[in-house]
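Read the structure below first, then the notes.
The values are calculated or read from the model by the stated rules, or taken from the named source; none is laboratory data. Keep in mind that this is a model prediction, so the values were computed, not measured. Neighbour counts are summed over all protein chains in view; Cβ atoms, including those assigned to glycine, are modelled from backbone coordinates with ideal geometry. Ligands, DNA and RNA are stripped out before the accessible areas are found, and what is left, the full protein with its side chains, is counted by its heavy atoms. Shrake-Rupley method; radii C 1.70, N 1.55, O 1.52, S 1.80 Å.
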Amino acid sequence: MAQPRILILGAPGAGKGTQSANIVEEFDVEHVTTGDALRSNKEMDISDMDTEYDTPGEYMDKGELVPDEVVNAIVDEALSQADGFVLDGYPRNLEQAEELEGMTDLDVVLYLDVSEEELVHRLTGRRLDPETGEIYHVEYNPPEDPEVEDRLEQREDDTEETVRERLRVYRENTEPVIDYYDDRGELELIDGERAPNEVWDDVKATIEDAA
Ligand code: AMP
């Protein structure tokens, strides 16, 4: 089969990043993620776009969505250069879903389903090793090496207040996107509230079936 074009949907903290990394390794596709792309361009000057704030970072630190115009351009460029891909973090509203429709066809749309209580717990406990990029959790997956533990950092938008706002934005803007694909019979529902390797078995089998 040609390399699959995969969309992975789910709330912040649902495990999209973890499962996308598995998908990249198994299916040899590109990981296209708007969150990482925007984090590398937090200071980009977008003042000529008639937006409320002058940089993506200002939206991100508040837990708000970066304007569609900025994000659509990033995704369009990335997808045009990829054969197969796993798209993660986009679309986050119906306008973006319609925009995506014009950019590419998808082979499979995965949705990682996780309860809100579990999402808050996962996100506020998430820590990053700035030296290796490895992701840990204070309770579920703490580092064994005390030196690593000492240098762990929290993502700026993983504080409780911003997490609550991100989840509110998710419910308001992104849940309709889940319904959009569901109504078209394209959504593959995956129970994301299990151990990462159990979720992965399901994700892998679903992609193999669909592609
Ligand atoms: P993430 O790493 O996917 O949780 O994204 C972090 C932040 O980047 C979000 O809270 C938004 O501010 C911004 N962002 C990422 N993807 C999008 C998108 N598709 N549309 C608008 N803003 C986005």
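Mind checking whether some residue in segment 37-47 is within 16 Å of Arg155 (Cα to Cα), in contact (Cβ under 8 Å) with a residue 40 or more places away in the chain and in contact with a Pro (Cβ under 7 Å, 6 or more places away or on another chain)?
Checking segment 37-47: not a single residue is within 16 Å of Arg155 (Cα to Cα), in contact (Cβ under 8 Å) with a residue 40 or more places away in the chain and in contact with a Pro (Cβ under 7 Å, 6 or more places away or on another chain).
Is it the case, given these coordinates, that Arg122 is within 15 Å of the ligand (Cβ to nearest atom), closer than 25 Å to Thr206 by Cα, basic (Lys, Arg) and assigned to a loop (DSSP other than H, G, I, E, B)? No.
Of the residues making up segment 139-162, not a single one is under 19 Å from Ile23 (Cβ atoms) and of a type in the set (A, V, I, L, M, F, W, C). Restricting the first member to segment 55-79 and to residues that are free of Cβ contacts under 8 Å to residues at least 12 places away in the same chain, and the second to residues that are outside any helix (DSSP H, G or I) and within 9 Å of the ligand (Cβ to nearest atom), the beta-carbon pairs closer than 8 Å and six or more apart or on different chains are Tyr59/Leu65; Tyr59/Val66; Tyr59/Pro67.
A quick yes/no check of all residues on (1) over 21 Å from Val177 (Cα atoms); (2) surrounded by 19 or more Cβ atoms within 10 Å (Cβ to Cβ); (3) more than 10 Å from the ligand (Cβ to nearest atom):
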site	(1), (2), (3)
Glu43	yes, no, yes
Tyr53	yes, no, yes
Glu64	no, no, no
Ser80	yes, no, yes
Phe85	no, yes, yes
Arg92	no, yes, no
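Determine whether segment 9-24 contains at least one residue that is more than 21 Å from Asp157 (Cβ to Cβ), open to solvent by 20 Å² or more (accessible area, probe 1.4 Å) and among the aliphatic types (A, V, I, L, M). For segment 9-24, residues more than 21 Å from Asp157 (Cβ to Cβ), open to solvent by 20 Å² or more (accessible area, probe 1.4 Å) and among the aliphatic types (A, V, I, L, M): present. Considering segment 94-114, and only residues there that are open to solvent by less than 50 Å² (accessible area, probe 1.4 Å) and closer than 23 Å to Asp157 by Cα, the residue that is nearest to the ligand (Cβ to nearest atom) turns out to be Gln96.
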